[in-house]
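Report on the following structure.
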Amino acid sequence: MARHGHRIVFLIVLFAAAPLFAQTNDDRIRQIEEKIDTLMQQATALRAELDQLKGTAKPATTDDLTAVGVVTPPAAPAPQLADVQTINNAPNPGASKVFNPDTSVIANFMGKAGQNNPFDPREPMQLDEAEIAFQAFVDPYAKANFFFSVSPQGIEVEEGYATFVALPYDLTAKVGKFKADFGKANTWHTHVRPWVDQPLVVHDFFGDEQFHDDGLSLSKIFPNSFAYTEGTIEVFRGETEDVFAREKNNDLSYNGHLKVFKDISENSNIELGTSYARGTTPVVGGTNQFGGVDLTYRWKPLSRGLYNSLIARFEGIVNDRPDMARDRKGFYASLDYQLGQRWFTGVRLDRADFDDTRRDKGASATLTFWPSEFSQIRAQLRHTQYGNLKAINELLFQLQFAIGAHGAHTF
């Protein structure tokens, strides 16, 4: 009987204490939920404040902050165009972008060792050029590009033009000063070339500054199922040193280029182009004409494209000048191969008629190392024969480094 009585007492105590345990668990759950709600309110308030400081989101309204338990004074009126500062006096990156174009500076430090070259004199070491670029959209329909070349000879506007991309009939226009779309090498800036120097055919035919002038360019893509096809027509004022010279207002120079680009496989593609240019020569009354063809083959495997690639180039030019007894001809052929993620090597063969009596020939080998995408180091061993003179051997050195934002260039 005593043991049965103990069981009855235990059951009575257990049933009496059960509500107390249940009440304790409910209180604990309610406390945890309250803490979670408080943390969420604090996180939401911090996010709203961070977005306002960044200027990437609209300022939080009173209703928004009240919903998360934060009391703030009424929001200030939206800033006008002249007021590009957000609340808390923090700068607005979106607004500053409107007034500050993409700016970059690319320095080209060059050196030379070897025999004296009277046809291509270079200093043993020199900051040969610093290119300063400003690029920005003028509006949704046009983009402006300015490239200034700062060299020991002074400051020059290398290119300065606006590109209009929303014209009728799917036309694209370029207006200002720019390099003519003739071939491939003529369109490159110094830091884009895969070699330290210019090919002989470009140097002998167009000079150090290449074929560039003030003018107007119109381009159009011709849709078809075979390949990407683009045609370009350009009109210039007719003043290019040692190439074209205008005696009358109507002595303009003209250039046309047709490009066909096609993917051969997922790893390779090919580009074929043809060019024709004409204008008045420095010789009064004469017409200077150029015809050219360029071919580029590019191989870059998807699986190894970061470490291995290849580009083969060929460009040939024929020049008909009235002050020459015969047409001048020239070409270059090059092969550049990527050895690893940062190492490149290449070879190039050159041949060009300087005039009726002199034909220049050359061969080069290059080795390039990219410490990063913002700098490169290149060495070029060059063997050149000018006419019937003794061949000249030189070692050219180049260091390039860049700061700021700079747009991509065509390969």
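The values are calculated or read from the model by the stated rules, or taken from the named source; none is laboratory data. Please read all numbers here as calculations on a predicted model, not as lab measurements. Here Cβ is always computed from backbone atoms with ideal geometry, including for glycine, and neighbour counts include all displayed protein chains.
A few remarks follow.
- Exactly one residue among K112, K179, K184, K174 is closer than 30 Å to F331 by Cβ, of a type outside the set (G, A, S) and in contact with a Gly (Cβ under 8 Å, 6 or more places away or on another chain), and that residue is K184.
- Each residue in the range 98-118 was checked for being at pLDDT below 90 and surrounded by fewer than 15 Cβ atoms within 10 Å (Cβ to Cβ), and 6 of them qualify.
- Residue in the range 275-290 that is exposed (fewer than 15 other Cβ atoms within 10 Å of the Cβ) and under 16 Å from H212 (Cβ atoms) present: no
- Residue check for F205: among the aromatic types (F, W, Y), over 18 Å from the mean Cα position of the chain (by Cα), assigned by TED's automatic domain parsing to the domain that holds Q380 and assigned to a loop (DSSP other than H, G, I, E, B): no
- From the list A60, A130, A95, A90, the one residue that fits, being modelled with pLDDT of 50 or more and surrounded by 12 or more Cβ atoms within 10 Å (Cβ to Cβ), is A130.
- Looking at L381, L349, L389, L399, just one residue is under 23 Å from Q115 (Cα atoms), in the same structural domain as P301 (by TED's automatic domain parsing) and assigned to a loop (DSSP other than H, G, I, E, B), and that residue is L389.
- For the range 255-269, the criterion of being in a loop (DSSP other than H, G, I, E, B), assigned by TED's automatic domain parsing to the domain that holds T172 and within 24 Å of the chain's Cα centre (by Cα) is met by at least one residue.
- Among residues of the range 356-373, those that are exposed (fewer than 14 other Cβ atoms within 10 Å of the Cβ) and in a loop (DSSP other than H, G, I, E, B), counted: 3
- For the range 149-156, the criterion of being under 19 Å from the mean Cα position of the chain (by Cα) and either within 28 Å of T281 (Cα to Cα) or of a type outside the set (S, T, N, Q) (or both) is met by at least one residue.
- The listed residue being outside any strand (DSSP E or B), under 23 Å from the mean Cα position of the chain (by Cα) and of a type in the set (G, A, S), out of G238, G305, G231: G305
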